[in-house]
Amino acid sequence: MAHIPVLLEEVIAAVPPTVQRMIDCTLGDAGHSQALLEHFPNVELLGLDADPQAVTMAEEVLKRFGKRAHVVHGNFADVLTFARNAQFAPVDFILADLGWSSTQFAERGRGFSFDAPQESLDMRFNPQEGETAADFLNCAHEIKIGDVLRRFGEEKQWREIARAMVKQREHKPFTTVQDLLDTVESVKKRTGRLHPATLVFQALRIQVNHEFERLEQFLKQAPDIVTPGGRLAVISFHSLEDRTVKEVMSSQSAIVKLMTKKPIKPSAQEIKSNPRSRSALMRTFEKI
Ligand SMILES: C[S@@+](CC[C@H](N)C(=O)[O-])C[C@H]1O[C@@H](n2cnc3c(N)ncnc32)[C@H](O)[C@@H]1O
């Protein structure tokens, strides 16, 4: 399943017209990167992704741009180091399109989706680093699990689900997505369109990838490598992410200004052709 870049026209419109260098912090399938390199024929781009498979794929896709595209495996929490090591600072535009790509979700076998119950319960963007979702559920204290479900999933039944998880692992440790589904569904029944495990999946993915800490580190470093008049665009997919973007960037209002008061959302037409875009929210900031 190919990943369709979201808010593509809006991302291109957010780039300052005098752009020379830019960083795509979340290459994914390089959809945004390709379009940006095509649209701005004199631009050089540095692309990062935490997922080594995404990096290999992006390298292949961006080969046709020759020396204009530089691809690095890494976490955007270290964007300053990557930019400086590649002698790629300052830049005029930085893009971060948060979360996962459709290919990661559907093809990498990392347990991101409840539609693939046989997959191992991993959920890491970078399978070379940190603990898997299964490790977390098998080792963490019930209070910690409950806290993750409550804070990162805003899951109302966090207490009962955390209790059921701890009870479950005493009989059989978590290894697959099916183990997680069985436990969540023993507590929570499907009501409406949302799968009962949706918020639990979101919470576990945020936990194992330290998504909010990494996002905060990135947002604090990014203004340091942007030229005055240069811009940063961040696309989030849920309100917790968007809140982090808003809060961290408003704490830096002496050096960056928000370009639009309200986040930019996809058009009805984009949502129709790419339903995954429906929750996208883009905020753009300009370096003062
Ligand atoms: C929504 S996808 C990006 C899709 C891309 N814009 C495109 O058009 O193909 C998000 C990507 O960000 C990566 N990612 C998530 N957190 C990251 C982090 N902290 N550092 C670097 N990459 C990260 C994921 O591995 C995934 O490939």
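Scanning segment 183-199 for residues that are open to solvent by less than 100 Å² (accessible area, probe 1.4 Å) and either among the acidic types (Asp, Glu) or out of contact with any Pro (no Cβ under 7 Å at 6 or more places or on another chain) (or both) turns up 183, 185, 186, 187, 192, 195, 196, 197, 198, 199. On the given criteria, is residue 157 in contact with a Lys or Arg (Cβ under 7 Å, 6 or more places away or on another chain), open to solvent by 10 Å² or more (accessible area, probe 1.4 Å) and either more than 30 Å from residue 82 (Cα to Cα) or not polar (S, T, N, Q) (or both)? For residue 157, the condition - in contact with a Lys or Arg (Cβ under 7 Å, 6 or more places away or on another chain), open to solvent by 10 Å² or more (accessible area, probe 1.4 Å) and either more than 30 Å from residue 82 (Cα to Cα) or not polar (S, T, N, Q) (or both) - is met. Pairs meeting the criteria (first residue in segment 128-142 and under 19 Å from residue 52 (Cβ atoms) and in contact (Cβ under 8 Å) with a residue 40 or more places away in the chain, second residue among the small types (Gly, Ala, Ser) and assigned to a loop (DSSP other than H, G, I, E, B), beta carbons under 6 Å, at least 6 apart or on different chains) are lacking.
Taking the stated definitions as given, is residue 58 near the ligand (Cβ under 9 Å from one of its atoms), aliphatic (A, V, I, L, M), more than 22 Å from residue 281 (Cα to Cα) and modelled with pLDDT of 95 or more?
Numbers: near the ligand (Cβ under 9 Å from one of its atoms): yes; aliphatic (A, V, I, L, M): yes; more than 22 Å from residue 281 (Cα to Cα): yes; modelled with pLDDT of 95 or more: yes.
It is true that residue 58 is near the ligand (Cβ under 9 Å from one of its atoms), aliphatic (A, V, I, L, M), more than 22 Å from residue 281 (Cα to Cα) and modelled with pLDDT of 95 or more.
Of all residue pairs spaced 6 or more apart or on separate chains, those with beta-carbon atoms under 6 Å, a first member in segment 155-177 that is in contact (Cβ under 8 Å) with a residue 12 or more places away in the chain and a second member that is open to solvent by 90 Å² or more (accessible area, probe 1.4 Å) are 158/150. Filtering segment 115-145 to residues that are assigned to a helix (DSSP H, G or I) and open to solvent by 50 Å² or more (accessible area, probe 1.4 Å) leaves 135, 139, 142, 143, 144.
Within segment 81-114, can you find the residues that are within 14 Å of the ligand (Cβ to nearest atom) and either open to solvent by 30 Å² or more (accessible area, probe 1.4 Å) or of a type in the set (Gly, Ala, Ser) (or both)?
81, 82, 83, 96, 99, 100, 101, 102, 105, 106, 107, 108
Of the residues making up segment 9-55, those that are within 9 Å of the ligand (Cβ to nearest atom) and open to solvent by 50 Å² or more (accessible area, probe 1.4 Å) number 1.
So, restricting to helices (runs of 4 or more DSSP H) that lie completely within segment 192-288, which ones have at least 1 residues that are farther than 23 Å from residue 3 by Cα and out of contact with any helix residue (DSSP H, G or I) (no Cβ under 7 Å at 6 or more places or on another chain)? Give the steps one after another, and end with the answer.
Details: elements: 198-208, 211-221, 239-250, 268-273.
So the answer is 211-221, 239-250.
The values are calculated or read from the model by the stated rules, or taken from the named source; none is laboratory data. Computed from a predicted model, the values in this text were never measured in an experiment. No Cβ is skipped: glycine too gets one built from the backbone with ideal geometry, and neighbour counts run over all protein chains shown. To get the accessible areas, we keep the full protein, side chains included, count just its heavy atoms, and leave off ligands, DNA and RNA. Shrake-Rupley method; radii C 1.70, N 1.55, O 1.52, S 1.80 Å.
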